[in-house]
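Remarks on the structure that follows.
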Amino acid sequence: MSAYERLRDAIAAGDAGRVVDTLADDVVLRVAVHNEPFTGRPAAARILRTVLDGVLREIEVLETITGVEASVLTFRATVDSHPGRTDGLLVAREDSAGRIADLTVFVRPLPALQALADEMGRRLGGAPPTGGGR
């Protein structure tokens, strides 16, 4: 099973630990609410654990598209402090060792994205870490 397939299954299960297990040590995580990427497994893990341990709920994987260079997953979920459903898209790239090396996450609509950012800030106590180098 590829890292992308393990990632997809872990997201569908809402299992933050299994998501983190798919990540490369030098993973780069990009999210819409932060200008800089989160570099390195510890920084990415902190963000992903916070999201999956309560900020996003009722995650439903809608579609997966697997390509040569990258794989895409679309999902629908509920943001803890936002009424209604949220649509999301995740783009993942694997490294030669079969780990997720690059992960980009998009969420819409804007009110849901704002609620997600506010809830993340509250749970993380301000600006989240960006990790080591870039």
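Overview of values
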read-out	value
Near pairs, Cβ below 8 angstrom, 6+ apart or cross-chain, from the stretch 11-37 (within 21 Å of GLU60 (Cβ to Cβ) and of a type in the set (S, T, N, Q)) to any residue that is assigned to a strand (DSSP E or B) and modelled with pLDDT of 95 or more	THR22/ILE100
Pair list, Cβ under 6 Å, 6 or more apart: the stretch 98-122 residue of a type outside the set (A, V, I, L, M, F, W, C), other residue in a helix (DSSP H, G or I)	GLY98/ALA3; ARG99/ALA3; GLU119/VAL55
One residue from ARG49, ARG30 being modelled with pLDDT of 90 or more and over 16 Å from VAL107 (Cα atoms)	ARG49
Matching option when the condition is more than 17 Å from GLY121 (Cβ to Cβ), buried (at least 17 other Cβ atoms within 10 Å of the Cβ) and touching a helix residue (DSSP H, G or I) at 6+ places or on another chain (Cβ under 9 Å), among LEU48, LEU23	LEU23
Some residue of the stretch 69-77 being hydrophobic (A, V, I, L, M, F, W, C), surrounded by fewer than 18 Cβ atoms within 10 Å (Cβ to Cβ), over 21 Å from ASN35 (Cα atoms) and in contact with a Lys or Arg (Cβ under 6 Å, 6 or more places away or on another chain)	yes
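The values are calculated or read from the model by the stated rules, or taken from the named source; none is laboratory data. All values reported here derive from a predicted model rather than from experimental measurement. As a convention, Cβ positions derive from the backbone with ideal geometry for all residues, glycine included, and neighbour counts pool all protein chains shown.
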